[in-house]
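Have a look at the structure below before the remarks.
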């Protein structure tokens with residue numbers, strides 16, 4: 001009992017000398033400034049994600065034109081996209097404008113470009129993610145048949161195309177550059193991706209045609225304008241970057 005009283009007196013005396021209350025936890029607490037600069041606050045990874053993405057479907061060169069697309073990510077899953085398709089450099093584009101054999105068959109000259117976009121919805125599976133979206137497109141083109149013949153004629157096309165775009169986004173940059181700590185490598189590692197998918201839909205074409213020489217065949221009474229609906233589709237193999 002005496003030892004306990006002596007120990008209590010010593011602890012109390014030490015507390016008085018240091019100006020602190022015995023058994024207080026305030027001395028163990030670290031003091032932080034009342035105001036913290038917003039630039040010094042830790043950023044939550046859960047609240048941030050890549051806002052933009054750009055990619056190009058180079059497979060379009062052997063289809064109906066390469067596609068260059070920009071995306072804005074509204075949320076982690078919902079994205080709005082806008083694209084340009086250069087239909088005039090697609091290897092298979094002339095097939096879409098095949099005329100009857102008597103009218104020239106394959107076009108001799110073609111120029112055209114298309115603009116479009118729409119919403120995409122992503123389903124995340126670990127690092128990779130599947131996607132599905134609705135794409136609308138407007139295409140303008142001019143086609144020339146029987147070039148340099150007496151009955152040469154051209155057709156002006158205005159197309160509205162509606163498609164479903166579905167596929168899978170492989171975030172393969174993390175596999176391509178697995179362990180580098182350089183800033184450039186980290187940027188590519190986090191954002192480099194490959195899209196593999198399809199576009200499936202239909203096109204509605206409002207066309208108007210005329211002979212280059214109005215007097216080429218005055219006896220031809222066939223309609224000079226009209227509408228037609230055809231299926232439309234492409235495969236997608238796009239290389240891109242999220243940032």
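Each reported figure results from applying straightforward, stated rules to the coordinates on display, with no laboratory input. Being a predicted model, the structure only gives us computed values, none of them experimental. Every residue, glycine among them, receives a Cβ derived from its backbone with ideal geometry; neighbour counts consider all protein chains shown.
Taking 0.36 nm per residue of separation and subtracting the current Cα-Cα distance, fully stretching the chain between residue 59 and residue 75 would add 2.9 nm. The length gained on full extension between residue 196 and residue 121, counted as 0.36 nm times the residue separation minus their Cα-Cα distance, comes to 25.5 nm. Highest mean packing comes first when the peptides 65-71, 150-156, 214-220 are listed by Cβ atoms within 10 Å, giving 65-71, 150-156, 214-220.
When only Cα pairs below 8 angstrom with a gap of at least 6 residues are kept, the range 83-242 shows a relative contact order of 19 percent. Taking square-rooted eigenvalues a ≥ b ≥ c of the alpha carbon gyration tensor, is the range 49-242 rounded, prolate or oblate, where a/c under 1.5 means rounded and, failing that, a/b exceeding b/c means prolate? Taking the square roots of the gyration eigenvalues as a ≥ b ≥ c, the range 49-242 is prolate.
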